Structure formats: C-alpha cells, structure tokens
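**Student:** Below you will find the structure I want to go over with you.
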Amino acid sequence: MVKETRQLPKLEPSNYNVAFLIMNGTFNTEFTAPFDIFQHTKFRKGIKAMNTFTVANTLEPITTFEGVRILPDFDYTKDDLPKIDILVVPSAEHSMDSDLKD
C-alpha cells in the first residue's frame, strides 16, 4: 500500500500567482505550453516571477484528452485558495458541458 501525502507548491509571496483550471479532457498542449511559459519567468531577469499551480473541482487525478494524469494542487470546492492574479482556463473536450454544470 502506498501512502500518499499532499505536497502544496511553494508560493513566493512577491511573485504573481498563476492558477490553471484543469478538468478531465483538458488538451495537453493547452495546459503545458502556457504552464511552461509562466513557470520559466522564475529564470528571467527584469520581469516579475510567477508561481504556478493547478486547481480543479477535486484532488483526484485529472486525465487529459490524450491520457496524461495530472494531480491537482488545490480543490476549489474545498480548499482556501491562494490569491489568484492570473487564471488560465485551457480548452478541453466537452468543456462547455462541464462549465455549465459547475
């Protein structure tokens, strides 16, 4: 039996907070490309760095359209979320259906 412990991302208070809303059916590149760009601000001089993290309506793994499993950092239905400066909503298969339900 594997014991899982939740590890929250380290959020530097002086950075912008960029949250990625993920759901089942999210397209890989719609999530990974902008995540990569925002994450790399930590290595650039002359611009304000950004903390990146994921939010979903669960803490269970999210499965992308292509089958990659992503473990959300926060459950927006239960957790106290950090202040969000930028919210990225990647497109997903049937996302309008899920958005209308939530």
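All of the numbers you see were taken from the coordinates with simple rules; none came from a lab. Computed from a predicted model, the values in this text were never measured in an experiment. All Cβ positions, even for glycine, are placed from backbone atoms using ideal geometry, and neighbour counts span all protein chains on display.
**Student:** Residues ASP73, ASP36: which one is acidic (Asp, Glu) and either surrounded by 15 or more Cβ atoms within 10 Å (Cβ to Cβ) or more than 17 Å from PRO90 (Cβ to Cβ) (or both)?
**Tutor:** Values: ASP36 fails: either surrounded by 15 or more Cβ atoms within 10 Å (Cβ to Cβ) or more than 17 Å from PRO90 (Cβ to Cβ) (or both).
The conditions single out ASP73.
**Student:** Within segment 48-66, does at least one residue satisfy the condition of being free of Cβ contacts under 8 Å to residues at least 60 places away in the same chain, assigned to a loop (DSSP other than H, G, I, E, B), buried (at least 19 other Cβ atoms within 10 Å of the Cβ) and in contact with a Phe, Trp or Tyr (Cβ under 9 Å, 6 or more places away or on another chain)?
**Tutor:** yes
**Student:** What number of residues within segment 7-33 satisfy the criterion of being of a type in the set (A, V, I, L, M, F, W, C), outside any strand (DSSP E or B) and crowded, with 19+ Cβ neighbours inside 10 Å?
**Tutor:** Of the residues in segment 7-33, 3 are of a type in the set (A, V, I, L, M, F, W, C), outside any strand (DSSP E or B) and crowded, with 19+ Cβ neighbours inside 10 Å.
**Student:** In segment 5-47, how many are of a type in the set (A, V, I, L, M, F, W, C) and under 15 Å from PRO82 (Cβ atoms)?
**Tutor:** 7
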